[in-house]
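The values are calculated or read from the model by the stated rules, or taken from the named source; none is laboratory data. What you see is a predicted model; the values in this text were computed from it and never measured. We place every Cβ from the backbone using ideal geometry, glycine too, and count neighbours over all the protein chains shown. Heads up: the accessible areas ignore ligands, DNA and RNA and are worked out on the full protein's heavy atoms, side chains in. Shrake-Rupley method; radii C 1.70, N 1.55, O 1.52, S 1.80 Å.
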Amino acid sequence: MLKLSRLRALSIGAAVAIAASATATFAQDVLKFGHVYEASTPYHAAALRAAELLEEATGGRYRMEVFPASQLGKEAALNEALSLGTVDVIYTGVAFLGQSYGPISISDYPFTMRSYEHWKAYVNSDLFDEMSEAYNKVSGNTVAAMTYYGARHVTANKPILSPKDMEGLKIRTPNAPAYQMFPRATGANPTPMAFAEVYLALQQGVVDAQENPLPTIQFKKFYEVQSNINLTGHITNSLATVVSPVTMNKMGDDGKALLEALATVATQTSDEIVASEGELADWFRDQGVTVNEVDRKPFMEAVAPHLTGEDVPWDAAIFERLQAIQE
């Protein structure tokens, strides 16, 4: 009888332990972080670091799985999924945020930012806080962080040294007005196209050119199908990390841990991108690519008339406040 009782006790103890373990596993919430960038990029590495920080900060109550390379959809689909709550966190360009609240897209327009230092001061400014809050009120989504994506440059199979060299050029751009202003102002033909399709389109001559920061040109290997990188630096680009309202509501106080994790890795990644920009021009030259220094002033003059007036999604006061921010 003693042996039987002991066996029963052991069986009951094991069952309790298994049930407790199952309950603990069930209790862990798993968030989805979707983006369009390859697993080899610093943006994906940052998302993985954020997942580690979140799990650590919440004692394992939350885990975050990261889905790169458009596995959960292209950028427009990810923005829609965020609003529905089927994806918890995404990377997206501020031009996409501008579809909900126009003024927040201002930093993605050509030559609105003077430099990386100006960009950094802006994302830490009252102006950006106000616009993020206005975006939140309209969309419900929370801007958790801004990552410096880099200065965008034009690649082509010829030098682009003046606005005249842009005339008639069929250039791929993202499908947002912010990215189409520069080519239109310089006489080129902007051609919206999904990010994943650009390499093949360049290779096959469907488009003549594209524009992206140097780190992106490297990791997407655009330099393999374009002979010239022209340092136009026409947009100082940002990548917003955005969290679904459904996620923020269900996480309660743990939402702060998520926002802090995302902000921490965004700062680290911005520093990495700045450092890589300083080295990549020479790296491309070593690959046999022609990297052209460009006098940006004529390009800025071509764009300037388009940055004020009724065709932009901000008023004059916002533009003036942005330009008044000191580095």
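In the set VAL87, VAL94, VAL30, which member is modelled with pLDDT of 90 or more, out of contact with any His (no Cβ under 8 Å at 6 or more places or on another chain) and more than 30 Å from VAL198 (Cα to Cα)?
After applying the criteria, what remains is VAL30.
For GLU277, state whether it is open to solvent by 30 Å² or more (accessible area, probe 1.4 Å), under 23 Å from the mean Cα position of the chain (by Cα) and acidic (Asp, Glu).
When the stated conditions are applied, GLU277 passes them.
Going by what's in this entry, would GLU197 be described as of a type in the set (D, E, K, R), open to solvent by 10 Å² or more (accessible area, probe 1.4 Å) and in contact with a Lys or Arg (Cβ under 9 Å, 6 or more places away or on another chain)?
yes
Please tell me if GLU301 is touching a helix residue (DSSP H, G or I) at 6+ places or on another chain (Cβ under 7 Å) and either assigned to a helix (DSSP H, G or I) or under 26 Å from SER40 (Cα atoms) (or both).
no
Among the numbered conditions (1) in contact (Cβ under 8 Å) with a residue 12 or more places away in the chain; (2) open to solvent by 10 Å² or more (accessible area, probe 1.4 Å), tell me where SER270 comes up short.
Unmet condition: (2).
With a cut-off of at least 3 residues that are of a type in the set (Val, Ile, Thr) and touching a Leu at 6+ places or on another chain (Cβ under 6 Å), name the helices (runs of 4 or more DSSP H) lying wholly within the stretch 177-262.
Ranges flagged: none.
Pick out the one residue from ASN237, ASN212 that is in contact with a Pro (Cβ under 8 Å, 6 or more places away or on another chain), surrounded by 15 or more Cβ atoms within 10 Å (Cβ to Cβ) and farther than 19 Å from ALA57 by Cβ.
Details: ASN212 fails: in contact with a Pro (Cβ under 8 Å, 6 or more places away or on another chain).
One residue alone meets the criteria, ASN237.
Quick one: would you say ALA178 is within 21 Å of the chain's Cα centre (by Cα), open to solvent by 50 Å² or more (accessible area, probe 1.4 Å) and of a type in the set (A, V, I, L, M, F, W, C)? If you could, list the steps in order and put the result at the bottom.
Working: within 21 Å of the chain's Cα centre (by Cα): yes; open to solvent by 50 Å² or more (accessible area, probe 1.4 Å): no; of a type in the set (A, V, I, L, M, F, W, C): yes.
So ALA178 does not fit the description; no.
Give the residue that is surrounded by the fewest Cβ atoms within 10 Å (Cβ to Cβ), with candidates limited to residues of the stretch 283-298 that are in a helix (DSSP H, G or I) and under 25 Å from the mean Cα position of the chain (by Cα).
TRP283
Checking the structure you have, find out if any residue of the stretch 210-229 is at positive phi and of a type in the set (Gly, Ala, Ser).
For the stretch 210-229, residues at positive phi and of a type in the set (Gly, Ala, Ser): absent.
Pairs needed: first member in the stretch 54-78, farther than 12 Å from HIS35 by Cβ; second member anywhere, among the hydroxyl-bearing types (Ser, Thr, Tyr); C-beta distance under 8 Å; at least 6 residues apart or different chains.
Within 8 Å, the pairs are LEU54/TYR62; GLU55/TYR62.
Restricting attention to the stretch 57-100, report how many residues are open to solvent by 30 Å² or more (accessible area, probe 1.4 Å), among the small types (Gly, Ala, Ser) and under 25 Å from LYS137 (Cα atoms).
So the count comes out to 4.
Looking for something under 13 Å from SER162 (Cβ atoms), touching a Leu at 6+ places or on another chain (Cβ under 9 Å) and not in a helix (DSSP H, G or I) - is there at least one such residue anywhere in the stretch 304-324? Talk me through it step by step, then tell me what you get.
First pass over the stretch 304-324, keeping only residues under 13 Å from SER162 (Cβ atoms): none.
Within the stretch 304-324, none of the residues are under 13 Å from SER162 (Cβ atoms), touching a Leu at 6+ places or on another chain (Cβ under 9 Å) and not in a helix (DSSP H, G or I).
So, of the residues in the stretch 247-267 that are closer than 17 Å to ARG61 by Cβ, surrounded by fewer than 24 Cβ atoms within 10 Å (Cβ to Cβ) and among the hydrophobic types (A, V, I, L, M, F, W, C), which turns out to be nearest to the chain's Cα centre (by Cα)?
Top of the filtered list is LEU259.
So which residues in the stretch 125-152 are open to solvent by 20 Å² or more (accessible area, probe 1.4 Å) and of a type in the set (Lys, Arg)?
Listed by number, the list holds a single entry, LYS137.
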